[in-house]
Every structure is written in structure tokens, then in C-alpha cells.
2 protein chains.
Amino acid sequence: MYGAPGSVARPTFRLLSLFPLTGAACVSAAALGGDISRFAHKLALREQSDMWMSTFARFALPGLQRTASATARQALRARCHPWAAAAPRPSFMGPAHIRGHQTLGSASIPLAHQSVRHVRALDEERLVEVEWEDGGHSLYPFTWLRDNCQCPLCTLESAQARLLPLSDLDIHTGVDVVEVTNDNKVSIAWPDQHMSVFDGDWLKKHCFSAAARQAMQEELFLNERYYWDSKLRIPTADYQEVLHDDKAALAWLLALRRVGIVYLKGAPGEKGQVARLADRIGYLRLTFYGHTWQVQDKAMANNVAYTSGKLSLHTDYPALHFAPGVQFLHCINQAVKGGESEVVDGFHMAEKLQREDPEAFRTLTSVRVDFTDTGTDYCDFMLQSKKRIIDVDAEGRVVRINYNNATRDSVLDLPLHRVQPFYRALKAYVNIMNRPENVVTYKMEPGDIVTFDNWRLLHGRRSYVSRPDRLRHLEGAYLDWDEVMSRLRILRKAVHGDL
Amino acid sequence: MYGAPGSVARPTFRLLSLFPLTGAACVSAAALGGDISRFAHKLALREQSDMWMSTFARFALPGLQRTASATARQALRARCHPWAAAAPRPSFMGPAHIRGHQTLGSASIPLAHQSVRHVRALDEERLVEVEWEDGGHSLYPFTWLRDNCQCPLCTLESAQARLLPLSDLDIHTGVDVVEVTNDNKVSIAWPDQHMSVFDGDWLKKHCFSAAARQAMQEELFLNERYYWDSKLRIPTADYQEVLHDDKAALAWLLALRRVGIVYLKGAPGEKGQVARLADRIGYLRLTFYGHTWQVQDKAMANNVAYTSGKLSLHTDYPALHFAPGVQFLHCINQAVKGGESEVVDGFHMAEKLQREDPEAFRTLTSVRVDFTDTGTDYCDFMLQSKKRIIDVDAEGRVVRINYNNATRDSVLDLPLHRVQPFYRALKAYVNIMNRPENVVTYKMEPGDIVTFDNWRLLHGRRSYVSRPDRLRHLEGAYLDWDEVMSRLRILRKAVHGDL
């Protein structure tokens with residue numbers, strides 16, 4: 001029932017093995033961090049079911065590996081590796097590695113229930129200083145505190161939204177009185193008589209230290225990624241469990257975020273399953289190819305995917321300025337011959353390109369390439385977009401891959417002297433992603449659903465031959481990361497409570 | 001039936017006045033450009049209905065104003081200003097001005113039916129040179145030509161998509177023979193025996209000259225914008241005409257793109273109209289607030305919009321990483337007192353900020369601000385995003401405004417010393433947008449629909465009092481620019497043919 005599809009051996013493990021870790025992986029821990037260590041202790045001591053405990057421990061582990069104390073790591077390991085002894089190495093780990101936009105190496109995960117020992121206003125710096133029970137200090141700007149007053153006049157509680165308009169915010173305000181209340185909150189009297197009261201835990205979570213901010217950002221966005229190559233054993237879970245069990249669904253989405261691909265087994269062999277899966281999250285993303293779409297060999301195909309030909313590695317829909325973030329593909333019928341799927345980690349390949357051919361990396365992260373898609377499906381469409389093939393944020397971190405050779409436009413908005421360097425750079429990237437050591441190949445069977453990060457993975461398909469009476473048939477659907485991350489946060493809260 | 005809502009006088013004009021222009025505006029033409037001039041002549045001479053002719057002429061006019069010959073301008077004016085004499089100034093023009101990412105000032109609009117006079121291969125430069133009937137020359141790289149071979153082996157015609165994978169493209173190819181065919185096409189024999197044939201018009205459109213590329217980009221994306229302030233008379237059209245007449249729909253979408261806001265009059269006073277309007281384009285954008293959403297005063301409001309309070313100027317949904325590009329708001333019931341709408345041109349305000357306070361502009365175009373939205377509506381949601389309030393592209397051009405003070409998170413991912421400069425910068429921007437000379441105020445009546453660019457405009461609402469038995473009620477819907485631009489291109493092709 002459970003298997004990790006891939007080009008390598010297929011060990012069987014249940015949902016828990018979405019985040020398999022070995023003792024060896026844990027031993028690779030580096031510097032210690034006090035807050036993380038306490039957090040790990042707390043985790044280890046907390047009485048919760050083994051199942052979600054281990055799931056969460058694994059989710060938190062990238063940070064913990066580097067920062068938790070030996071005792072905490074031991075405690076965590078004791079909880080999370082009943083299966084580790086039997087698995088000589090993590091089931092999705094090859095020689096690849098973790099890369100994160102925000103690492104937790106030096107970060108403190110916000111801790112609840114921090115008592116306020118003392119508070120004072122630093123009038124000259126226009127900061128409030130909070131001293132915590134453990135002796136630590138945090139500083140908060142007057143303006144930010146006034147901006148985030150939590151009283152019913154300033155915040156609409158039912159929407160958790162700010163009512164105070166910026167035009168009414170005095171960005172030069174002083175404070176009259178700052179004190180700790182009897183119930184250990186921080187109260188501020190402002191010069192205009194307005195009063196604000198802040199909860200200690202809320203303040204602690206909003207600490208402006210680099211470590212606290214880094215931890216908060218990782219908690220909000222889970223930007224840390226596990227990079228992989230052909231040795232990946234694709235994390236696998238059970239379709240029905242994911243539909244009906246919050247812990248299973250959380251583990252699925254955490255792996256989807258971190259690894260970029262999760263395989264679900266055991267879906268009925270009929271249409272409608274990708275839509276059910278999308279409902280589990282929120283809603284799917286409608287596109288010009290419909291709410292869901294049928295990948296079959298079609299006469300007068302309006303997309304190269306709707307043929308029986310080979311599809312080279314690509315991301316879907318770069319002709320949309322905001323390409324779908326997540327893709328589901330459900331196998332209803334498989335081909336008699338061929339039709340194997342191929343995937344590659346586009347972020348990892350971009351990192352390799354940057355190392356091997358920095359000039360090509362610079363070209364693909366700067367040139368904006370035209371994509372086009374014209375036809376009729378859900379309705380008629382004439383799409384045009386302009387995207388960088390390796391999209392980076394303002395800090396130069398790779399955040400999205402946009403590449404589909406089929407819809408790359410004949411329009412190329414470059415001066416003549418930059419045309420050949422562009423082709424050279426693109427070829428260099430494509431050559432890296434086509435190396436056998438980087439590609440994971442698998443063949444879907446009826447009832448399998450592959451779920452993957454369409455902003456990160458490139459996927460392809462080998463050409464195929466179908467039985468004429470039983471055409472190869474996949475049903476697909478798209479979702480966006482905002483909706484997936486929203487469900488992930490809700491599930492994490494439901495499963496972990498107020499940790 | 002037709003009116004331009006706004007704080008100024010309301011002239012009445014029909015759909016054609018979506019792009020009103022006066023002689024004075026035309027006289028502001030600058031340098032002449034041969035291609036544009038010919039293009040304008042062609043327009044002027046072409047026998048088409050006055051209606052779409054004038055619409056198209058106005059659409060093309062920003063470029064024409066600057067480049068067309070006096071004769072061409074006169075010809076165009078003769079076609080497009082039967083109403084101009086009665087309108088002493090353009091009905092949506094104040095002292096504001098045109099700003100474009102891609103101006104047509106020096107661009108040549110691709111012209112159809114260019115004959116090829118001569119063709120030769122420049123083997124050393126690896127370029128094919130085409131000499132046109134008019135004496136002009138264009139150069140095309142070998143690699144690009146091979147990459148864009150239009151034969152059925154290389155291009156799937158039904159999908160207009162490239163079949164030739166990049167791995168099969170020889171990016172160092174030479175050419176064996178280049179010649180002009182009997183039917184005036186360019187044929188290339190490649191060293192591997194493959195043959196490509198290119199149409200002259202297709203080649204001309206794909207010319208790599210800066211002017212041709214600029215014109216092509218403007219044709220594809222219509223990035224040129226008309227900037228405005230409080231003197232704007234909002235372009236207005238008829239709801240039923242837009243639904244049923246392609247020329248009216250095209251004029252609507254062109255104005256929506258260029259001005260950022262169009263008012264539609266004459267919709268039935270019941271729910272479902274914004275969905276019909278979305279169907280006219282393609283499909284609407286589902287969000288956590290539903291397919292469409294009802295702006296009313298609600299108990300336990302999950303959004304500040306669902307109260308009767310004032311809403312300060314904002315863009316919708318910055319808590320989504322890809323905020324909806326276009327918004328429709330249909331007035332079903334209006335308040336007894338208050339409830340006036342306010343809009344401001346966020347791109348224009350950003351330009352003012354850059355001029356008046358460059359440091360604030362730098363801050364708002366660099367700091368990534370956290371937004372949050374949590375609640376339950378279509379389903380439960382916990383959204384988090386990180387956006388620049390003034391979003392710029394790699395070239396520093398403003399492409400999107402992301403600002404809603406209600407959903408701006410209390411999480412502020414900045415070191416302490418950058419907090420106060422951030423508030424100062426945001427306040428500077430908000431102060432500019434709140435100046436009376438920049439804000440357009442109008443009050444919607446039942447049956448009115450306002451359609452606007454949510455990436456560009458900030459909108460607000462004054463507080464209101466409703467009749468208890470007849471609550472103020474707007475129905476809203478979102479779309480994305482990709483879908484709107486797709487419909488615009490299709491309508492342009494349908495209305496203008498193969499111009």
C-alpha cells in the first residue's frame with residue numbers, strides 16, 4: 001500500500017516516515033542555542049501522542065540539529081526514531097543537503113509564557129525595554145507599540161485587523177507611563193490619554209532581535225528546503241489518511257513544502273480525486289485549462305502535454321505571470337509502454353549552475369523571457385508573460401523556476417549581442433537538469449497521485465504507447481502556495497495546539 | 001444613463017468618449033517617426049466603421065501624438081473627434097500626464113505585408129540579414145532561427161507551441177543555404193538537412209532592433225499608463241454594451257489598463273452582475289472571501305470592509321502574495337448618508353513620492369512588509385505574506401502597490417534602527433495620497449459597477465449610515481490581469497483584424 005516511488009529501491013513505511021531521520025543525521029548537529037535547547041526539552045517532555053510528536057520533531061529538526069543541546073537531541077531522537085534503526089539512511093536523503101532562506105542556526109523559537117520582570121521607557125531612544133524573567137531583554141519602538149495597540153478602538157478583534165489608520169498614528173509619540181500590571185502585562189499610557197496593554201507572550205514573539213525575527217519568519221513561511229537529486233526516495237503517504245487525518249495532512253504539506261514532492265497512494269481510480277484533495281486544502285486554482293484537466297492524447301491538442309510525445313523537463317504555465325504554485329496529478333490509466341514521469345529539483349539545479357557557471361546563472365536570473373499560450377479550452381485565451389527563468393528575490397535567493405520550452409515565445413526581447421549568451425546559459429541549465437544523477441524517474445500506477453511544488457520542480461514525461469481501448473489518463477489540478485501554506489498553518493495549530 | 005462620476009462636473013458622453021482627446025492634446029506631438037507615420041496613414045485611409053476606428057486610433061494615439069506626421073495626425077483627428085469640439089478638454093484628463101514603461105516615442109509598430117528583397121547569411125557573425133522592400137535591414141541570429149523553426153516537426157501547430165526540445169537544439173549551428181522563395185518567404189537549409197521557412201511578416205514582427213522590440217512589448221503588454229489626480233473624470237461606459245458589443249468591451253478594457261478605472265452604468269440592481277462581467281472576460285478569481293463577496297455591515301465582521309466604518313485608502317488583499325489584479329464592485333444598495341468612494345492613482349503617487357522624498361521612496365521599494373489575514377469565510381484561512389509597499393521591477397519601475405493598513409501585520413521584520421524610518425516613509429506616502437488634489441471621490445448608485453486596477457489604485461470608503469431595512473450593499477469580485485489582458489488581446493484581434 002505504501003511505497004516510495006523512484007529509481008531506487010522502494011522501502012515501505014507509513015506516514016510517519018515522511019520525515020525519516022537517522023541517528024547519523026542527528027549527530028551532525030553544530031552550535032548550541034539556549035532557546036532552541038529549551039524548546040526541544042519542552043517538546044521532549046510534553047505528553048503528546050508519539051505520532052504527531054515525531055512529526056513535529058522532524059519538522060523542527062533542521063534547526064534543532066544545529067542548535068539543540070545533546071540532551072534535547074537525545075530526548076527528541078528517543079521520540080522520533082522507532083524506525084530509524086531499521087532505516088540505514090533517511091529514506092528521502094541522498095547526498096543532497098538542506099538550503100534555507102532563513103536558517104534557524106542562531107535563531108530562538110518564540111517561547112510562550114515568558115514572565116515580564118521589569119519594564120522601562122528609554123525616552124531618548126524612543127524605545128520600551130522589557131526585561132524577562134530569565135534575564136533577557138527586548139526593545140520595542142514607541143511608534144510600533146502605538147501602531148499595534150490591541151485595544152478594541154485600535155484593533156477589530158473579530159477580523160484581527162488594525163482599525164487605527166496611519167493618518168491618526170503619531171509617529172513621533174512619546175510615552176507617559178510604562179508599567180507591569182498585576183497580571184504581568186505591559187501597560188502604556190500615551191500622552192493623548194490613550195492606554196495600551198500588551199501581553200508578555202505577544203511581546204516576546206514580536207521581539208526585534210535578529211534571532212527572534214529569523215525564527216518568526218521561518219515559523220510563518222517555512223522557507224527552509226531540503227535539496228535532493230536522483231537518490232531521493234519520494235516521501236509517500238496514504239491518500240485516505242491525508243483526507244481524513246489532520247496529522248497525516250500536516251505531515252504531507254510539511255514534506256511538500258520542504259522536499260517539494262509527495263506521493264499519495266490509494267486513491268480511487270476515477271476522476272474527482274484531485275478536486276477532493278484541493279477541497280482538503282481550501283480550493284483549487286482555475287486556469288484556462290479548466291478547474292481540473294485531463295492529460296490524454298487528444299486530436300488537435302491545444303497543449304503539448306495532450307499528445308503521446310515525450311515532454312522535456314518543465315514547469316507548468318510560465319505563460320501566467322503568477323504560475324500555479326502546486327500541482328496534483330492523479331493517474332487513472334497508465335500507458336502499456338512508456339509514460340514514465342521524471343522530476344528534478346530546480347532550486348538545487350540552480351545552485352549547481354551558480355557554482356559551475358556563474359555567468360549562465362547571472363544571465364538566467366536577469367534576462368526576462370517571453371512566454372506565450374494561445375488556444376481554447378475552458379474558454380479562448382491569448383496569454384503573454386515575461387519571466388526570469390531562474391527567479392530570485394531582492395537578496396538574490398532563488399524563489400521560482402519558470403521554464404517550459406514549449407511555451408517559450410519566439411519573441412525574444414534582447415539586443416542581438418545578448419541572444420547567443422542567453423541560449424548558452426539556458427543550455428547550461430538544461431544540461432545540468434538532464435544529468436542522470438539529478439533526475440528521479442517513476443511510473444505512476446492507477447490510484448497514485450503525485451503532489452509537487454510547481455515553482456521549484458521541473459517535471460517531464462517519456463513518450464508512451466497506450467492501449468487503444470484504455471488511453472493513458474491523468475487528471476490534474478493546480479493550487480497556489482498561499483492557500484496551501486494557509487492550510488498548513490491551520491493544521492499545525494490544530495495538531496500542535498499553542499506550542 | 002451615461003455619466004462620469006467624480007468630484008468635478010459630469011459631462012455626458014457615450015462609450016466612444018472612453019478615450020476623449022482634444023486638438024490641443026494632439027498638438028503636443030513631438031518627434032516624427034516614419035513607421036508610425038505610415039501606420040497612421042494606413043489607419044486614416046482604411047475603410048472601417050467610425051466607431052472602432054476612433055477607438056483604435058485613440059488607443060494607438062499616445063505613440064502617434066509623439067511621432068505621427070502632421071498629415072497623419074490630422075487624418076486621425078478627423079476620424080476621432082466628432083465630439084471633441086464640444087469637449088473643451090479631455091474628459092478624464094487633468095494636469096496629469098502619461099508615463100509608460102515602454103513608450104512608443106521612437107518605436108516602429110510592426111507592419112504587415114513587408115516584402116523581402118534580399119537575404120544573406122553573415123557566417124562570421126552567425127546572423128541572417130534580411131533586406132526589406134523599403135530598403136530597411138533586419139538581422140536574426142542563426143540559433144534563434146533554428147530554435148523557432150515553424151515546421152510541423154518543430155512546432156505543434158494546434159497548440160502554437162515549440163516541439164523542438166532545447167537538448168536537440170544545436171546552439172552552434174551554421175547555415176548551408178539561405179534564400180528568398182518564389183512566394184517571398186525566407187528559406188534556410190541547415191547543415192543537418194533540416195529545412196526552415198519563415199514568413200516575411202513574421203520575421204519583420206520579430207526584428208531585434210530596439211524600436212521593433214519596444215513596439216512589440218507595448219503591443220503585447222500595453223504598459224503605457226495615463227497618470228491622474230483629483231481632476232480625473234472617470235471613463236464611463238454602459239454595462240449592457242460592454243457585455244454584448246466587442247468594440248465596447250475592448251474600449252472598456254483598454255481604458256481599464258491605461259487609466260486604471262472605468263465606471264459602468266446601467267447594471268440590474270441585483271446580485272450576479274460582477275460574475276457576468278467576469279464571464280465576459282473569462283473567469284473570476286476565487287479567494288477565501290468567496291467567488292464573489294458581499295460588502296455589508298456584518299456582525300462579527302471578518303474584514304474591516306464588512307463594517308460601516310471609514311476605510312482609509314488601500315489595495316485589496318496584500319496578504320496574498322499575488323494580490324488580485326482587477327476588482328469589480330457593484331452597488332446594489334447605497335447608504336442613506338455617507339458611503340462615498342475614494343480612489344487615488346497609486347503609481348502617480350509613488351512618482352510624486354520619489355520626487356518629493358527619494359529616501360522614503362527607497363525605503364518603501366526595498367523593505368518587505370508582513371501582511372496577515374486570518375478568519376473564516378469561503379473556508380478557514382491563515383494567510384501571511386511579505387510584500388514591498390511600492391513594488392518595483394528589476395529596472396526600478398513601479399509595477400504594484402501593496403498597502404492595506406488593516407492587514408499590515410504587527411510582525412515587522414526590521415532591525416530596530418530601521419523601524420522609525422519605515423514609519424516615516426509610509427506616512428510620507430500616505431500623506432501624499434490623502435491630499436485632496438489627488439483623491440477622486442464619487443458616490444455609487446444602485447446599478448453602478450466600478451472596475452479598477454487593484455495593483456495600481458488605492459481605494460477607500462467614507463463611513464456611512466444605512467436604512468435599517470435597506471442596508472448598503474455592494475457585491476465584489478476579483479480577476480487577474482493575465483486573464484483580463486488575454487481577453488483584451490482577443491478582442492483587439494477580433495475588432496481590428498490583422499492590422
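The values are calculated or read from the model by the stated rules, or taken from the named source; none is laboratory data. A quick note: this is a predicted structure, and the numbers were derived from the prediction, not measured. When we count neighbours, we look across all protein chains shown, and the Cβ atoms used for this are built from the backbone with ideal geometry, even at glycine. Please note that ligands, DNA and RNA were not included when accessible areas were found on the heavy atoms of the full protein model with its side chains. Shrake-Rupley method; radii C 1.70, N 1.55, O 1.52, S 1.80 Å.
Count of segment B:130-180 residues, restricted to those that are under 20 Å from A:A406 (Cα atoms) and among the aromatic types (F, W, Y), is 2. Among the residues that make up segment A:137-149, is at least one of them closer than 27 Å to A:R487 by Cα, surrounded by 19 or more Cβ atoms within 10 Å (Cβ to Cβ) and either of a type outside the set (K, R) or in contact (Cβ under 8 Å) with a residue 60 or more places away in the chain (or both)? Yes; the residues of segment A:137-149 include at least one that is closer than 27 Å to A:R487 by Cα, surrounded by 19 or more Cβ atoms within 10 Å (Cβ to Cβ) and either of a type outside the set (K, R) or in contact (Cβ under 8 Å) with a residue 60 or more places away in the chain (or both). Taking the stated definitions as given, is B:L264 among the aliphatic types (A, V, I, L, M), under 30 Å from A:L414 (Cβ atoms), assigned by TED's automatic domain parsing to the domain that holds B:V440 and surrounded by 20 or more Cβ atoms within 10 Å (Cβ to Cβ)? So B:L264 fails the test. Where strands (runs of 3 or more DSSP E) fall entirely within segment A:259-340, those with at least 1 residues that are of a type outside the set (G, A, S) and closer than 27 Å to B:Y478 by Cα are at A:292-295, A:326-333. Counted as qualifying within segment A:420-499 are the strands (runs of 3 or more DSSP E) with 1 or more residues that are closer than 16 Å to A:K310 by Cα and within 14 Å of another protein chain (Cβ to nearest Cβ), namely A:457-461.
Table: residues versus (1) touching a Lys or Arg at 6+ places or on another chain (Cβ under 9 Å); (2) in the same structural domain as A:N148 (by TED's automatic domain parsing).
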residue: A:T173; (1), (2): yes, yes
residue: A:D176; (1), (2): no, yes
residue: A:D183; (1), (2): no, yes
residue: A:S187; (1), (2): no, yes
residue: A:H194; (1), (2): yes, yes
residue: A:G200; (1), (2): yes, yes
residue: A:K205; (1), (2): no, yes
residue: A:M216; (1), (2): yes, no
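Annotation note: of B:E179, B:E129, the sole residue that is in a strand (DSSP E or B), among the acidic types (D, E) and within 12 Å of another protein chain (Cβ to nearest Cβ) is B:E129.
Among residues of segment A:276-299 that are at the interface with chain B (Cβ under 9 Å from one of its Cβ atoms), those with a Cβ under 6 angstrom from a residue that is open to solvent by 30 Å² or more (accessible area, probe 1.4 Å) and charged (D, E, K, R), sequence gap 6+ or separate chain, pair up as A:F288/A:D377. Condition (residue is assigned to a helix (DSSP H, G or I), within 20 Å of the chain's Cα centre (by Cα) and free of Cβ contacts under 8 Å to residues at least 12 places away in the same chain) applied to segment A:408-417: is it met by at least one residue? No, every residue in segment A:408-417 fails to be assigned to a helix (DSSP H, G or I), within 20 Å of the chain's Cα centre (by Cα) and free of Cβ contacts under 8 Å to residues at least 12 places away in the same chain.
When the residues of segment B:395-419 are filtered to those that are of a type in the set (A, V, I, L, M) and touching a strand residue (DSSP E or B) at 6+ places or on another chain (Cβ under 8 Å), the one that is nearest to B:Y306 (Cα to Cα) is B:A406. Restricting the first member to segment A:151-169 and to residues that are at the interface with chain B (Cβ under 7 Å from one of its Cβ atoms) and open to solvent by less than 30 Å² (accessible area, probe 1.4 Å), and the second to residues that are assigned to a strand (DSSP E or B) and of a type in the set (A, V, I, L, M), the beta-carbon pairs closer than 8 Å and six or more apart or on different chains are A:R162/A:L156. Name the single residue, out of those in segment A:358-372 being part of a strand (DSSP E or B) and more than 8 Å from chain B (Cβ to nearest Cβ), that is nearest to B:L156 (Cα to Cα). Among those residues, the one meeting the criterion is A:F371. Do we have B:T287 as under 28 Å from A:T374 (Cα atoms), among the hydroxyl-bearing types (S, T, Y) and open to solvent by less than 20 Å² (accessible area, probe 1.4 Å) here? When the stated conditions are applied, B:T287 passes them.
Restricting attention to segment B:132-166, the residues that are over 30 Å from A:D297 (Cβ atoms), of a type in the set (G, A, S) and not in a loop (DSSP other than H, G, I, E, B) add up to 1. Out of the residues in segment B:342-357 that are in a helix (DSSP H, G or I) and not hydrophobic (A, V, I, L, M, F, W, C), state the one that is surrounded by the most Cβ atoms within 10 Å (Cβ to Cβ). Selected residue: B:G346.
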